[in-house]
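Undergrad: One structure, as C-alpha cells, below. Some questions next.
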Amino acid sequence: MSNYRRISDIQADIRSGKTNCVQLVKSYIARIEENKHLNAFLEVWAEEALEKAAVIDQKFKSGTPGHLAGAVIALKDNLAYKGHKVSAASNILQGFESVFTATAVQRLLDEDAIILGRTNCDEFAMGASNENSAFGPVRNAIDPERVPGGSSGGSAVAVQAHLVHASLGSDTGGSIRQPAAFCGLFGLKPTYGLISRWGLLAYASSFDQIGPLTHSLEDNILLTEIMAGPDEQDATVSDRPAPQYHANQSAGKYTFAVMRQAIEHPGLDANVKSETESLIKSLIDQGHTVTYFDFEYLDYLVPTYYVLTTAEASSNLSRYSGLLYGHRSQHAKDLESTFTLSRSEGFGEEVKRRIMLGTFVLSSDYYDAYYSKAQKVRRIIQNKTREVLSGADAILIPTTSTPAFKLGEKSKDPIAMYLADLFTVQANIAGNCAISIPVAKTATGLPLGMQLMCGDFEEQKLFDVSSEILRICNS
Ligand code: GLN
C-alpha cells in the first residue's frame, strides 16, 4: 500500500480501481500488527472496520461516497463512540462502553469515514509525553527510544507510522500540536467553540478542543470543516454556520508577529532556533512582513495554565467515584471507602497530583491567591494575544523548544514536563486557533514543528498562512 498523504489521492486510486477500502483496511490492520511495539492502539475494531469498508466500496460503485470515503481514522481514547469502549487510558474506566457518539466523531461517520480503533494517550489527556498512560508509553516511530509527545501520542504515531490515514486528538494545552511537531504531522487546535466537545471526556472544559492530526494540510482543513459548526449538545460552540475553508482559500502577503522572548529563550534547542531564523529570513525574502513583539507574560503562561486546568480537572473528574461507571474497588465496605479506594486504585499518579492541586487552589483559604488570580492573568494574556493579532495576521513561534525527547528524560520531574508546554498553552488560555506544521528535520531526522496562531475563528486565515509557509518550505 502506498503511504498516502491526502484523502483525495486515496479517493482517486479507489476510483481508478488501484485499491479499495477493504484492501486499505486490511493493510492498516497488518501494519498495526507489525508495529505493536509502538503501543499506539489500545483497541482495534478490525471486523467492524472491514464490514464498513465493504459498504463504502459499494458506495464508490454506486457513485454516492461521502467526503471522507476511503479515509481510515483512529480516535484518541477520550472520545465517545457508541457501543465502543473508552477509557481515557485510565484504569478507572475499565470496561466502560460509550452510550452515545461524540458529535465530532458522528460528523466523520456521516461522511463515510471508517473508524479503525482507539489510540493510547496520557491518562485523561494529562501529560506531554504519553508516559502517563495506564497502558504503557507510546513510542515515536522515527526513534522508538523517544517520546511521541502527548497527550495525543497514540493518535500521532498511528498517523506517523501509517497505521491509519488520520486521527483525532484533543488539545487542552498542546496535546495535538506538540505530538504533531514531534512526529512530523499537521495538528490543529481549533478556536475554542469551533468544534463541539460533546462526547469528549472532559479534562479542563474551558480549554479542551478536539482537532485532527494529518499528513497534509489539505486533510487537516477537510476534517476541520466537517467537524466544525453548531451543535445543540454543546452550548459553548459558536452558532456560526460551518465554514467552507477549502472553497475560500486565497494567497497573499502577510504580517507575522514573532515573540521575542520565545526565540531568545535560553531553553531553545539550537536546531529549533536556526530553523525559526531561516524561516523568518525566507518570509522576508518572499515579501512578507515580520515584526517582533515583547510578551512579558511568557513565564506566567505555564503557572496560569496549571492552576486553572487542575481546578477544572478536580471538578470534572469528581464524577469518577466508583458509583456510576468504571472501576469499583473490591475492598470497599461503605460509601466513603467506595470513593476513596476506587479512586486510589483507579487513577494514576499524575491524575491524582492534578486533582489534589486543583482541589487545593479551589479551597476557600487559597481560592483568591491562586484560582481567582489565575483567572485575572488569563484575561491579561487573552487581551495581549488579541492586541498582537490585531496588528498582525499570525503569531509565529516554534511549537516546542526541543525536538522529541527521550523516554524517561522528564518523567520523574513534573515541572520539567510542564515546561514542555511553554509555547502551546497560550492559545488554550486565550482561546484562539493554532496549528503546528512540520517544517524541517534535525540532522538525525527528528521532525521540527512551527506553530502559527491566528485570532478567534480565523481558521481560514490560519490555513491560508500555513499554505504559504509550506510553499516557502518546499521551494
Ligand atoms: N501537556 C499539557 C498537560 O499536561 C497539555 C495536555 C493537553 O493538551 N491535553 O496538561
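Undergrad: Given N residues in the range 365-475, what is Rg(Cα) / (2.2 N^0.38 Å)?
TA: Normalised by 2.2 N^0.38 Å, the Cα Rg of the range 365-475 equals 1.27.
Undergrad: For a quick protection proxy, order the peptides 40-49, 285-294 by their average other-Cβ count within 10 Å, most packed first.
TA: Final packing ranking: 40-49, 285-294.
Undergrad: Return the ratio Rg/(2.2 N^0.38 Å) for the range 1-121, where Rg is computed over Cα atoms only.
TA: 1.08
Undergrad: If you average the sequence gap of Cα pairs under 8 Å that are 6 or more apart and divide by the length of the range 216-286, what percent do you get for the contact order?
TA: With pairs under 8 Å counted, the relative contact order is 19 percent.
Undergrad: Given Cα pairs under 8 Å that are at least 6 residues apart, what percent is the relative contact order of the chain?
TA: 17 percent
Undergrad: Oh, and also: Could I have the simple spin-label model distance between SER238 and GLU47, label points 7 Å from Cα toward Cβ, reported in nm to one decimal?
TA: 4.4 nm
Undergrad: Under unit Cβ charges (Lys, Arg +1; Asp, Glu -1), what dipole magnitude, rounded to 20 debye, does the chain have relative to its Cα centre?
TA: 280 debye
Undergrad: When 1/r is averaged over all different Cα pairs and the result inverted, which Kirkwood radius in Å belongs to the range 306-422?
TA: In the range 306-422 this quantity evaluates to 17.3 Å.
Undergrad: Shifting gears a bit: Heavy-atom accessible area of SER250 with all protein chains present, probe 1.4 Å, nearest 10 Å²?
TA: 70 Å²
Undergrad: Moving on. Please give the peptides 429-441, 117-129, 168-180 ranked by average Cβ packing (other Cβ atoms within 10 Å per residue), highest first, as a rough proxy for protection.
TA: The peptides rank, most packed first, as 168-180, 117-129, 429-441.
Undergrad: Continuing with this model, one more query. Cβ neighbours within 10 Å, averaged per peptide: list 26-34, 233-241, 343-351, 203-211 in order, most packed at the top.
TA: Descending packing order for the listed peptides: 203-211, 343-351, 26-34, 233-241.
Undergrad: Then there's this: What whole-number value in Å² describes the accessible area per residue of the chain for a 1.4 Å probe?
TA: 39 Å²
Undergrad: In the range 250-378, how many lysine pairs have Cα atoms under 28 Å apart, counting only pairs 8 or more places apart or on different chains?
TA: Taking the Cα cut-off of 28 Å, the pair count is 6.
Undergrad: Hey, how much of the P(r) for the range 172-276 falls beyond 20 Å, as a percent of Cα pairs?
TA: Every Cα pair in the range 172-276 considered, those over 20 Å come to 54 percent.
Undergrad: Sum -39500 (n - 2.57) across every DSSP H segment of at least 4 residues in the chain, then divide by the residue count to get the 222 nm mean residue ellipticity, nearest 500.
TA: -12000 deg cm²/dmol
Undergrad: If you wrap a convex hull around the alpha carbons of the range 1-53, what volume per residue comes out, as a whole number of Å³?
TA: 87 Å³
Undergrad: Once you put a point 7 Å from the Cα of ALA54 and another 7 Å from the Cα of GLU349, both along the Cβ direction, what distance in nm separates them?
TA: Taking the two extended label points, one gets 4.8 nm.
Undergrad: Given R₀ = 25 Å, FRET efficiency for THR359-LEU419 by Cβ-Cβ distance, to 0.05?
TA: Efficiency at R0 = 25 Å is approximately 0.60.
Undergrad: In Å, what Rg and Dmax follow from the Cα atoms of the range 89-180?
TA: When restricted to Cα atoms, the range 89-180 yields Rg and Dmax of 13.2, 38 Å.
Undergrad: Could you work out the Kirkwood radius for the range 247-331, taking every pair of different alpha carbons, averaging 1/r and inverting it, reported in Å?
TA: Computed over the range 247-331, the radius equals 17.5 Å.
Undergrad: Under a Cβ-Cβ cut-off of 12 Å, what is the net charge of the residues other than PRO144 that fall near it, where Lys and Arg count +1 and Asp and Glu count -1?
TA: That works out to +2.
Undergrad: When DSSP assigns beta bridges and you keep just the ones with both residues in the chain, what percent turn out antiparallel, to the nearest 5?
TA: Around 65 percent antiparallel, to the nearest 5.
Undergrad: Can you tell me the mean projection area, over all orientations, of the convex hull of the chain's alpha carbons? Units nm², please.
TA: So the mean shadow area of the Cα hull is 22.0 nm².
Undergrad: Another question, then. Provide the net charge surrounding LEU283, with neighbours chosen by a C-beta distance below 13 Å and charges set as Lys +1, Arg +1, Asp -1, Glu -1.
TA: Overall, the nearby charge balance is -2.
Undergrad: To continue, here is another question. Short version: what are the Cα gyration tensor semi-axes of the range 82-142, square root of 5 times each eigenvalue, largest first, in whole Å?
TA: Over the Cα atoms of the range 82-142, the ellipsoid semi-axes are 23, 16, 9 Å.
Undergrad: In the chain, carbon and sulfur make up what percent of the accessible area (probe 1.4 Å)?
TA: 51 percent
Undergrad: Now a separate question. What lysines sit close enough to LYS52 to cross-link, taking a C-alpha to C-alpha distance under 18 Å and skipping anything fewer than 8 places away on the same chain?
TA: LYS26, LYS61, LYS82
The values are calculated or read from the model by the stated rules, or taken from the named source; none is laboratory data. Every value quoted in this text rests on a predicted model; they were computed, and no experiment measured them. With ideal geometry, Cβ positions are generated from the backbone for all residues, glycine too; neighbour counts draw on all protein chains shown. In case anyone asks, the SASA skips ligands and DNA or RNA and just uses the protein heavy atoms, side chains included. Shrake-Rupley method; radii C 1.70, N 1.55, O 1.52, S 1.80 Å.
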